[in-house]
2 protein chains.
Amino acid sequence: LQLLEINGKIIFTGMVLKMEIIKGGITAPSGYKAAGIASGMKSNGKKDLALIYSDLPATAVAVFSTNLFKAAPLLLSAKRIKNNDIRAIIINSGIANACTGEHGLKNAGTITDLLAEKLDIDVNQVHISSTGVIGKQLPMDLYKKGIEQIIPLLKKDGNLEAAEAILTTDTTIKEIACQFKLPVTGNIVKIGGMAKGSGMIHPHMATMLAFITSDLNMEKSLMEKALKKAVDLTFNRISVDGDQSTNDSVFFLANGQAKNKRIVEEGEDYEQVFKALKEICAYLARAIVMDGEGATRFITIRVKGAKNIQEADQIARQIANSNLVKTACFGGDPNWGRIVAAIGSCNLSCSPQEVSVILNGKILFKEGVAVNNITEDNKLINDREINIDVIMGQGSGSVEFWTSDLSYDYVKINAQYHT
Amino acid sequence: LQLLEINGKIIFTGMVLKMEIIKGGITAPSGYKAAGIASGMKSNGKKDLALIYSDLPATAVAVFSTNLFKAAPLLLSAKRIKNNDIRAIIINSGIANACTGEHGLKNAGTITDLLAEKLDIDVNQVHISSTGVIGKQLPMDLYKKGIEQIIPLLKKDGNLEAAEAILTTDTTIKEIACQFKLPVTGNIVKIGGMAKGSGMIHPHMATMLAFITSDLNMEKSLMEKALKKAVDLTFNRISVDGDQSTNDSVFFLANGQAKNKRIVEEGEDYEQVFKALKEICAYLARAIVMDGEGATRFITIRVKGAKNIQEADQIARQIANSNLVKTACFGGDPNWGRIVAAIGSCNLSCSPQEVSVILNGKILFKEGVAVNNITEDNKLINDREINIDVIMGQGSGSVEFWTSDLSYDYVKINAQYHT
């Protein structure tokens, strides 16, 4: 259990970070600037426009939503990132520019054209990222004015403003940075990241944006491999409500300013980078879950001994997305019966007599039968953190999955949010 | 839209019944008796034990939960129903006798032994059905006393007491009966049914019990075929919370008392029976959805033009189980964006440019692009019934699916329900 103070707020992460944590978020690595402003796109006057800028072209990779209805900015980015470095990413919150057709795609292009012109950089190195209401066109006049305003504000410590400007229903910013020594070349490297949640959070990149910067010098193909693997083990293993968004993106930039000898193969240096990147992603993913709409408890689901990793994953997701399990957790009820029912819904061919369920360290269901040892002691009322361990007894497939409970406030936030 | 008064309560069914509806529920067909009592198994003193009795052995078929952890009564019934008629079914609510191991299976057997002895019938024609908390053993002393008490109360108009005794968190009884003329043989036949919901309601038979009686004379294999098909189109197309239970069962009995010439093949008579059976199942399924925990609105999802029926089904389920769609409906918000995001989550290979979404008759998303015509007029605030029509433009696969919204009360009911 780790409590981290960020921007005066305590963030509960449910994990022990193994890296040396430093201040500065996305601008902690050398060579990055950022800014965040309220351009007027959000009607409540909150910050809604963020800009990330790299002094030098950064090698860049990204992972995008698998939703069929990919938003315009994702379509644009997917094209550009293939063969180009990144110099700037402009991010707006409030309007997703999704389901906006040809017109939306043209608007996204126009914004990046303008930004490239004002920053005097190649438009192919400029990206736009959007989050918010689906189906509305970007307010182009406001957006253009916003770009004029934000560029002069770019600064080395603009990380907090930027991290704030990308939020929607999030209640707190989510940022982190760490540094570490590359074991082979000995250089000190920094990685920073910021993210936003907080509804429609689900495996395979739900309404979730994350931007990870670094001053690494590393081959693009290796960055791609590391990012995909890290996202798979972190952002793709969280769920708030089982829905998947049109706009999810994780960007990973490396501008080479750490001056390390370029990492071109999978050795010790690569492994160290992967470990740090995974930790950054895990921190941000957990912070998103904990700030999930209406969340009051952080739930870790560990499935062990499944036939294989696919079945372990399926079981963990079924539990994580069960409204009955999530409301029981909200109520602090050790309702292992609902967990068992969720496992049983998976359509697996395994034997019930091998399955056990452990709730916060106490075995409540052992090899297919209830243990019936629930006392006032093991009610979960006061636990902010709930651990669900499932032992399948079938093979060696195991996963860890993170989710939150389902509260009145989840319903309130999502029933009152209006189109 | 049809409002039906049952036991002094108005039931909203969202459908027009095409059959001649009669009173009497499960005892409307000739030759059935029923009873319902409070045996003390429920701590709140409500009715918790129901008995259905057929004067003559009834040909019987059933469909059971596909959950891996099938409850003891299901394991017992699955064996007995194969080669035996049914004379009696005893049903208790409050304790599910699920995840109770060998001991639970033995208890279920003991209860049916006792019932067979007291009623002086073959134990292979006796079934037990249970719903309630998972993991607790049946309170055998109370159960045995309950059997002594309930047998003398069996009567022709015991349908309402029985329908009440099978409920758990349901707020109202669910029963229906109809009669119709067989087109070929000309006999008048009656079918009656009762059911309970109301949480863990999900496709493939979630915590849901339904008992359907008839005075038909019909071949067992044809009854099986008709029931499977009817369940597939009704009980398996509803969802309250996406969870699936360990105890779901639908029984269908035919005792031959209508004296019709035995239906032994799929002709006009069979088709008429199937239509009536499907209508009975559809009524009960919709009544379960409308009485779903915390439900305030009835949502019908129709997917048309999918590649095939499997994809149509997948899309409808994804929408029906989306908490974001369900909370939007609760809030009366025509949030087609969440519907589109749910469709897009399905991992289909279809083209977004063909997809349209119609909400209560108004096109809000047309061929991949937002229509942006939401006015105060088409907000859904005052609609108890919400129709979501999705046009996929890919092929001829179509389904209809029923669900409810997600309200504060759903969370309340499920957070306060204690193990």
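The values are calculated or read from the model by the stated rules, or taken from the named source; none is laboratory data. All of these numbers come straight from a predicted model, not from anything done at the bench. We place every Cβ from the backbone using ideal geometry, glycine too, and count neighbours over all the protein chains shown. Protein only, heavy atoms only, side chains kept; ligands, DNA and RNA dropped before computing areas. Shrake-Rupley method; radii C 1.70, N 1.55, O 1.52, S 1.80 Å.
Nearest 10 degrees, 0 to 90: what angle lies between the long axis of helix B:268-290 and the longest principal axis of chain B (Cα atoms)? Long axis of B:268-290 versus the principal axis of chain B: about 70 degrees. Working ranking of peptides A:388-396, A:406-414 by packing, defined as the average number of other Cβ atoms within 10 Å per residue, highest first, is A:406-414, A:388-396. When only alpha carbons are used to place a centre, the stretch B:60-90 and the stretch A:276-354 end up 31 Å from one another.
So for the stretch A:88-203, what percent of the C-alpha to C-alpha distances run longer than 24 Å?
37
Each of B:Tyr53, A:Tyr32 has its accessible area taken with a 1.4 Å probe; listed largest first, they run B:Tyr53, A:Tyr32. With 0.36 nm allotted per residue and the present C-alpha distance subtracted, the A:Lys220-A:Lys46 stretch has 59.0 nm of extension available. Take B:Lys220, move 7 Å from Cα toward the beta carbon, and the resulting point lies 6.8 nm from the same point in each other copy, nearest first. Rolling a 1.4 Å probe over the protein heavy atoms leaves B:His127 with an accessible area of roughly 0 Å².
Under 20 Å from a label point set 7 Å out along the Cα-to-Cβ vector of B:Val184, the amide N atoms of the stretch B:269-302 belong to B:269-278. Remark: label point of A:His103 defined 7 Å out from Cα along the Cα-Cβ vector; separations to the same position in other copies 6.7 nm, ascending. Taking every DSSP beta bridge with both residues inside the protein assembly as shown, roughly what % is antiparallel (nearest 5)? DSSP beta bridges in the protein assembly as shown are roughly 70 percent antiparallel.
Diagonalising the gyration tensor over the Cα atoms of the stretch B:58-106 and scaling each eigenvalue by 5 before taking the square root yields semi-axes of 20, 12, 10 Å, largest first. Normalised radius of gyration (Cα atoms, divided by 2.2 N^0.38 Å) for the protein assembly as shown: 1.03. The label point for A:Thr110 and the one for B:Asp157, both projected 7 Å from the Cα toward the Cβ, are 7.4 nm apart.
Rolling a 1.4 Å probe over the protein heavy atoms gives the protein assembly as shown an accessible area of 35 Å² per residue. For chain B, the longest principal axis of the Cα atoms and the long axis of helix B:140-150 meet at an angle of about 80 degrees. Sorted from shortest to longest, the distances between the A:Ser43 label points of this copy and the other copies are 4.8 nm, with each point 7 Å from Cα along the line through the beta carbon. Counting only protein heavy atoms, probe 1.4 Å: which residues of the stretch A:76-121 lose 40 Å² or more of accessible surface in the full assembly compared with their chain by itself? Buried by the other chains: A:Cys99.
Solvent-accessible surface (1.4 Å probe) assigned to B:Asp113 amounts to roughly 80 Å². Note on exposure: B:Ser322, A:Ser30 ranked by accessible area (1.4 Å probe, complete protein assembly) read A:Ser30, B:Ser322, with the most exposed listed first. Using heavy atoms of the protein chains and a probe of 1.4 Å, the accessible area assigned to B:Thr171 is about 90 Å². Solvent-free Debye calculation, one equal scatterer per alpha-carbon of the stretch B:257-393: log10 I(q)/I(0) at 0.13 Å⁻¹ equals -0.65.
Cross-linked pairs B:Lys145/B:Lys225; B:Lys47/B:Lys412; A:Lys278/B:Lys412; A:Lys118/A:Lys229; B:Lys82/B:Lys326: Cα-Cα separations exceed 32 Å for B:Lys145/B:Lys225; A:Lys278/B:Lys412; A:Lys118/A:Lys229; B:Lys82/B:Lys326. Its Cα gyration tensor gives chain B an equivalent ellipsoid, and the semi-axes of that ellipsoid, as √(5λ) in whole Å with the largest first, are 38, 24, 19.
Which percentage, to the nearest 5, of the DSSP beta bridges contained in chain A is antiparallel? Bridges in chain A are about 70 percent antiparallel. Take each residue of peptide B:333-340, count the partner chain Cβ atoms within 10 Å of its Cβ, and average: the result is 6.
Quick check: the angle from helix A:101-119's long axis to the longest principal axis of chain A, C-alpha only, nearest 10 degrees? The helix A:101-119 is inclined about 50 degrees to chain A.
Sorting A:Asp85, B:Asp48 by accessible area puts them as A:Asp85, B:Asp48; the probe is 1.4 Å, largest comes first, and only protein heavy atoms count.
Of the solvent-accessible surface of the protein assembly as shown, computed with a 1.4 Å probe and all protein chains present, 49% belongs to carbon and sulfur.
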